[in-house]
1. Considering only region 34-87, how many residues are hydroxyl-bearing (Ser, Thr, Tyr) and under 20 Å from residue 9 (Cβ atoms)?
2. Within the set of pairs 6 or more residues apart or between chains, which connect a residue that is of a type in the set (Asp, Glu) inside region 1-29 to a residue that is open to solvent by less than 40 Å² (accessible area, probe 1.4 Å) and in a strand (DSSP E or B) with Cβ atoms less than 6 Å apart?
3. Can you give me the ranges of the strands (runs of 3 or more DSSP E) entirely in region 171-283 with at least 2 residues that are among the hydroxyl-bearing types (Ser, Thr, Tyr)?
4. If you check 233, 220, which single one turns out to be touching a strand residue (DSSP E or B) at 6+ places or on another chain (Cβ under 6 Å) and charged (D, E, K, R)?
5. Determine which member of the set 39, 44 is surrounded by 10 or more Cβ atoms within 10 Å (Cβ to Cβ) and modelled with pLDDT under 95.
6. Go through (1) β-branched (Val, Ile, Thr); (2) open to solvent by 50 Å² or more (accessible area, probe 1.4 Å); (3) in contact (Cβ under 8 Å) with a residue 60 or more places away in the chain and name the single condition residue 196 misses.
7. Please state which of the following conditions residue 206 fails to meet, knowing it meets all the rest: (1) touching a Gly at 6+ places or on another chain (Cβ under 8 Å); (2) surrounded by 14 or more Cβ atoms within 10 Å (Cβ to Cβ); (3) within 30 Å of residue 27 (Cβ to Cβ).
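The values are calculated or read from the model by the stated rules, or taken from the named source; none is laboratory data. The shown structure was predicted, so the numbers you read here are calculated from the model rather than taken from an experiment. Ideal geometry is used to build each Cβ from the backbone, glycine not excepted, and the neighbour counts take in all protein chains shown. Areas reflect the complete protein model, heavy atoms only, side chains present, ligands, DNA and RNA absent. Shrake-Rupley method; radii C 1.70, N 1.55, O 1.52, S 1.80 Å.
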Amino acid sequence: MLQVIAENKYNEQINLTQNGNYALLSVGGLTPPAATINTAVIATSDGAVFNSSRLGTRNIVLTIAPLNSIETNRINLYQYFKAKQYIKLYLENNTRSVWIDGYIEKIDGDLFNNKQRLQISIICPDPYFKDTETGLYTFSNVVSLFTFPFAIEETPGIPISELGEYVEIAITNNSDDETGVLITLIANAAVTNPTIYNMTTNEHFALNISMETGDIITIDTRRGHKSVSLNRDGVITNILNNMAQGSAWLNLVVGDNIFTYTCGSGAEYINISVELQPIYEGV
């Protein structure tokens, strides 16, 4: 059973699958969208040479039948589905719970039919569905030494944990495609020139910057949201110009990715977290 909830730009929601005033007859556009394949023809060879490929926009079409007071309920739908306006759809089945942003292209239907049906066309510029749940991964250079069974002598005692010199985390990307992440760096003391590495793809993202106590740097590598900002004493500044030469917007490949980091100085005083929101081509 597919559940569909629509949310307009005022955060007003309507559940289209558990609503006695409407029957959701069909939802089109939930499978992977068509791709554009760019090729080049070579005069002396058969066929063509592949250049690139990309996914186009997604077109979701809702077919809805107003019930009971048909005219009143049809007009009530216009509150949520306004032509050219923003709409957010939440979709959930037995396997996935996702959402997607879109804009209302048109609302069409035959108002002279006793059993009215409305077709609502939604254009989604970003064709990927986003998971409603995100994964948060945190770097920690604290190595746990506490195990069961245990016994503690009065002297010299036993260590509960210790600081490690090399820190890495494994991030599993269960998306249908490569995706970016949201990286947050928090300085507990002076830190210089932090660098984040994706050892799986042999890429890194480095900043030429001196962080002060309390500084928060946010690195967004997600498609369509790429940015780097510094929050210092509540003032947010774009620090895109502080990106070091050779830096790449880190993407996660499908499957396991190994991340680590270094700093010019103060590596022990920085807290780093990586937030991943899986994306899907279809529901």
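1. 4
2. As it stands, the answer is 7/88, since those pairs meet every condition given.
3. Answer list for region 171-283: 195-198, 227-232, 255-262.
4. Just one listed residue meets the conditions, 220.
5. After applying the criteria, what remains is 39.
6. Exception for residue 196: condition (2).
7. Failing condition for residue 206: (3).
Results for (1) open to solvent by 40 Å² or more (accessible area, probe 1.4 Å); (2) at pLDDT 90 or above, shown as yes or no for each residue.
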| site | (1), (2) |
| --- | --- |
| 82 | yes, yes |
| 95 | yes, yes |
| 109 | no, no |
| 118 | no, yes |
| 121 | no, yes |
| 138 | yes, yes |
